[in-house]
Amino acid sequence: MDYAVLLLAAALSALAGTVTPQTAAGTTEACPERLLGDERKRTCPRPCKTDKDCGNKRQCLCDGQCGLSCVAPGRTCPWPRASGANSSSSLLSPTHSFSALLEVRCDPGFLLPSGLDVTIRRCQGDRQWSGDEPICTGVQPPSPTPSSSPACPLPDEVLSVFSVQGSAAVGTSIRYSCLSGADIVGSSENFCQDNQTWQSPHPICQKVYCVPPRAVEQGYVVAVQKIEYEVGFDIHYLCKKSFLLDGPQKVTCLPNGSWSAEPPYCRARCLIPAERSRVLVGGLKRWPFDITDAMIPHGESVTFYCKHPRQQCSYTASQSCFDGKLQPPACYLEPTWLQYKLFPHRLVSEIEECQLGDMEI
């Protein structure tokens, strides 16, 4: 218990300046200098010195490595995802808003690259949790080698990032693979030389990102707008009112740098091209003006009544709505205003339907 308390205190100390109370005089407590070099991977809010630099909706708060920045305190970070591989997450704050703390703890027998089994992340002004996504790896005991067998060293920083197959003894080779599944930059094999040094430098694991997917017209993207998205990041889509989602509601960034599916389309409704004739919609015979806005959703069909060329009977033909476009069948003829007003019972949609024998030529 004492260890956990000390660890949390150390983590909060490492996040120095994450909460910057305002004094009565309008000044702020000490805050780290803004690290502009780190803005390549994340966008820092606008720098400031006092609340007056930020307008009415934002405050001048300390935002970790971004230093004093104009932040909307109500901003929230994504809900912590379900416990990842070999780890579990728990929110240490009442909500997931700005300055909230998230604890990520490795399962027994697993450690973070830092050598600890727990880390604290903070909700930043860019709506992201601080630091990289924690990766817990198994503690690998050193391979037992006879004291008389010279070998090349394998530092902990290599074993915490790579899975190493093979022997590190002089005259043998090893093969690397990234524990995170990322791509290897450099040679995936290495040879231990007679002087107990490696033939090549150790490689590195390069993170994989997905580029932003195309925009969806008449739709909304439910995700933080970023230049690049991490593997496993989800993007959700919604359509504007009266438009229908055609495609996946969610896409995920895959380890190969592509999205799990193409973005969807938001399809428009169709106006029923009939006014003075009843039609079949959803299995019901109705007047178009009795249907809301006289429109049907994308993908739905409308059945029209056509007159037999020689008999006094009607037959049906259907057309489907596709993204705002619906054409009546070639056999359909819209009744005139006089026909509709003076002879409503003689409309094609109201006369007797043709029998099977009537349709034979």
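The values are calculated or read from the model by the stated rules, or taken from the named source; none is laboratory data. What you are looking at is a predicted structure, and each value in this text was computed from that prediction instead of being measured. Counting neighbours? That spans all protein chains shown, and the Cβs are built from the backbone with ideal geometry, glycine included.
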Review point. Does region 315-331 contain at least one residue that is over 48 Å from the mean Cα position of the chain (by Cα), free of Cβ contacts under 8 Å to residues at least 40 places away in the same chain and either loosely packed, with under 12 Cβ neighbours inside 10 Å or assigned to a helix (DSSP H, G or I) (or both)?
Key: no
Exercise for review: Quickly run through region 287-314 and pick out the residues that are among the charged types (D, E, K, R) and closer than 21 Å to C354 by Cβ.
Suggested key: K307, R310
Review point. Say we look at region 178-200 and pick out the residues that are in contact (Cβ under 8 Å) with a residue 24 or more places away in the chain, part of a loop (DSSP other than H, G, I, E, B) and not hydrophobic (A, V, I, L, M, F, W, C); which of these is surrounded by the fewest Cβ atoms within 10 Å (Cβ to Cβ)?
Key: D194
Practice item. Looking only at region 216-263, count how many residues are charged (D, E, K, R) and over 23 Å from I135 (Cα atoms). Key: 6
**Study point:** Those residues of region 280-310 which are surrounded by 15 or more Cβ atoms within 10 Å (Cβ to Cβ), more than 40 Å from the chain's Cα centre (by Cα) and part of a loop (DSSP other than H, G, I, E, B), in sequence order
**Key:** W287, H308
Exercise for review: Just need a number here: residues in region 94-131 that are over 13 Å from V71 (Cβ atoms), of a type in the set (D, E, K, R) and buried (at least 17 other Cβ atoms within 10 Å of the Cβ).
Suggested key: 4
Check your understanding: Could you list, in sequence order, the residues of region 203-213 that are surrounded by fewer than 17 Cβ atoms within 10 Å (Cβ to Cβ) and either of a type outside the set (F, W, Y) or touching a helix residue (DSSP H, G or I) at 6+ places or on another chain (Cβ under 9 Å) (or both)?
Key -> I204, Q206, K207, V211, P212
Study note, to complete from the structure: A careful count of residues in region 67-121 that are in a loop (DSSP other than H, G, I, E, B) and under 25 Å from P45 (Cβ atoms) gives 18
Practice item. Among the residues of region 54-88, count how many are modelled with pLDDT under 85 and not polar (S, T, N, Q). Key: 17
Point to revise | Lone unmet requirement of (1) in contact with a Ser or Thr (Cβ under 6 Å, 6 or more places away or on another chain); (2) closer than 29 Å to F162 by Cβ for V118 | key: (1)
